[in-house]
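Chemist: First the structure, which I've put down as structure tokens, then a few questions once you've had a look.
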């Protein structure tokens, strides 16, 4: 990867991955907008299979305080996997000191042991607390944001409000609060 400045203080490659219908493209757009609101240089790309539901889906977000010239994440600092297939496919590209966040509702086998790993049943939590699995993307994204301090709560909230349809804003703001609370309560070797 070509980076213009030698004194980069901030350069993060993030991949949000799972299957179509889980809202990961939307989550990637929200994360990228959040970075824009903070004045961070950002690019967001996405890829999904030919199926609208159930096929592979991913969103890449790259954030930096300096110019960069390649728009897709190749070696991830942060990887969110909402399916086993995504975890199996993308975990080998997680940096040695990278962070892996998985939905333990659907990811049952993690073969790597050298990285920081957070496992939570995001899908089950969304269903239990909000009566729908649709906000799983926002719960898991909010968990990621809080655990990594990649962006601030104010920017994430603004991005949710400006991205979601009006009828879904309240539920997604509740999902954001749930994700933050889960991150604050998560017991790990932080």
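The values are calculated or read from the model by the stated rules, or taken from the named source; none is laboratory data. Every value quoted in this text rests on a predicted model; they were computed, and no experiment measured them. Note: ideal-geometry Cβ built from the backbone for every residue, glycine included; neighbour counts use all protein chains shown.
Chemist: For region 61-86, how many residues are out of contact with any helix residue (DSSP H, G or I) (no Cβ under 7 Å at 6 or more places or on another chain) and without any contact (Cβ under 8 Å) to a residue 60 or more places away in the chain?
Modeler: 5
Chemist: Please tell me if residue 56 is at pLDDT below 90 and surrounded by 16 or more Cβ atoms within 10 Å (Cβ to Cβ).
Modeler: Answer is yes for this residue.
Chemist: If I go through region 66-120 residue by residue, how many of them are loosely packed, with under 14 Cβ neighbours inside 10 Å and either modelled with pLDDT of 95 or more or assigned to a strand (DSSP E or B) (or both)?
Modeler: Qualifying residue count, region 66-120: 3.
Chemist: What's the number of the only condition in (1) part of a loop (DSSP other than H, G, I, E, B); (2) surrounded by fewer than 19 Cβ atoms within 10 Å (Cβ to Cβ); (3) free of Cβ contacts under 8 Å to residues at least 60 places away in the same chain that residue 124 fails to meet?
Modeler: Only one criterion is unmet by residue 124, namely (1).
Chemist: Scan region 140-177 residue by residue and report those that are touching a strand residue (DSSP E or B) at 6+ places or on another chain (Cβ under 9 Å), assigned to a helix (DSSP H, G or I), buried (at least 18 other Cβ atoms within 10 Å of the Cβ) and in contact (Cβ under 8 Å) with a residue 60 or more places away in the chain.
Modeler: 140, 141, 144
Chemist: Before we move on, is residue 142 in contact with a helix residue (DSSP H, G or I) (Cβ under 8 Å, 6 or more places away or on another chain) and at pLDDT 95 or above?
Modeler: Spelling it out, residue 142 is indeed in contact with a helix residue (DSSP H, G or I) (Cβ under 8 Å, 6 or more places away or on another chain) and at pLDDT 95 or above.
Chemist: Taking only region 8-45 into account, find how many residues are in contact with a helix residue (DSSP H, G or I) (Cβ under 6 Å, 6 or more places away or on another chain), part of a strand (DSSP E or B) and farther than 14 Å from residue 79 by Cα.
Modeler: Summing the residues that are in contact with a helix residue (DSSP H, G or I) (Cβ under 6 Å, 6 or more places away or on another chain), part of a strand (DSSP E or B) and farther than 14 Å from residue 79 by Cα in region 8-45 gives 2.
Chemist: Of the numbered conditions (1) touching a residue at least 12 places away in the same chain (Cβ under 8 Å); (2) closer than 17 Å to residue 25 by Cα; (3) over 17 Å from the mean Cα position of the chain (by Cα), residue 137 fails exactly one; give the number of that condition.
Modeler: (3)
Chemist: Do you know which residues across region 127-139 are surrounded by fewer than 23 Cβ atoms within 10 Å (Cβ to Cβ) and in contact with a helix residue (DSSP H, G or I) (Cβ under 8 Å, 6 or more places away or on another chain)?
Modeler: 129, 130, 132, 133, 134
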